[in-house]
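Peer 1: Below is one structure. I have some questions about it.
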Amino acid sequence: MIKDLTNENLIKLDFEAKTKEEALNFMIEMFYETGVINSKELFAKDVFERENLGTTGVGMGIAIPHGKSKAVLKESFAILRLAKPIDWQSLDGQPVIMVIMLAVPEKDADTTHLKILSRLAYFLMDDDFRQNLIEANSKKEILKLIERKELEVA
């Protein structure tokens, strides 16, 4: 289940970031501190290379950056809600308030990455789910929202 790929230590609410790079680097640090990755430098290189290929700002205030990397020890995702929206060169031109970063081991990249990405994208297409995620008051509430959505679509 997708909820098993994150936890409270991979969620940060109301983070003050002025730039996309600042937000990405904070999330990379979260992955490192929780043992998801074993090299901040290698994972950062892979994440920023992906960012340079095209925007990960999918619209509606959401960005889904991702790194497929040898530095990833276990597939996971982190959630960062920003205190104020920032420019992400999103597809719809809107600033981003919620960042969901995927970390996928390079060896599992093709199948795992697409499964997680498609599942999250499906969840985020639901206006109520997306709004509730953005307005959640706690990390526990975010985890409950994901769990409920997963059970709803199972």
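Values in this text are rule-based calculations from the coordinates and carry no lab data. Just so we're clear, the structure is a prediction, and the values are computed from it rather than from any experiment. So basically every Cβ, Gly included, is an ideal-geometry build from the backbone, and we count neighbours across all protein chains shown.
Peer 1: Given a 10 angstrom Cα cut-off, can you work out which residue in 127, 46, 87 is the most mobile in a GNM of the chain?
Peer 2: Top of the fluctuation ranking is 127.
Peer 1: Pull up the cross-link candidates among the lysines for residue 68, meaning alpha carbon to alpha carbon under 26 Å and not fewer than 8 places away within one chain.
Peer 2: 3, 12, 18, 20, 40, 45, 107, 115, 139, 149
Peer 1: Can you give me the three principal axis dimensions of segment 59-144 from its C-alpha atoms, in Å, biggest first?
Peer 2: Largest first, segment 59-144 extends 35, 30, 22 Å along its Cα principal axes.
Peer 1: A further question on this structure: Over all directions, average the projected area of the Cα convex hull of the chain and note it in nm².
Peer 2: Its Cα hull, projected and averaged over all orientations, spans 8.0 nm².
Peer 1: When a/c is below 1.5 the answer is rounded, else prolate if a/b is larger than b/c, else oblate, so apply that to segment 1-68 with a ≥ b ≥ c taken from the square roots of the Cα gyration tensor eigenvalues.
Peer 2: rounded
Peer 1: Please identify, among 27, 98, 125, the residue showing maximal mean-square fluctuation in a Gaussian network model of the chain using a 10 angstrom Cα cutoff.
Peer 2: It is 125.
Peer 1: Give, rounded to the nearest 20 debye, the magnitude of the charge dipole that segment 2-153 has about its Cα centre when Lys and Arg contribute +1 at Cβ and Asp and Glu contribute -1 at Cβ.
Peer 2: 200
Peer 1: Restricting to bridges with both residues inside segment 6-154, how much of the DSSP beta-bridge set is antiparallel, in percent to the nearest 5?
Peer 2: Around 55 percent of the beta bridges assigned by DSSP in segment 6-154 are antiparallel ones.
Peer 1: To the nearest Å, what is the center-to-center distance of segment 10-54 and segment 114-145, using C-alpha atoms only?
Peer 2: Going from one Cα centre to the other spans 19 Å.
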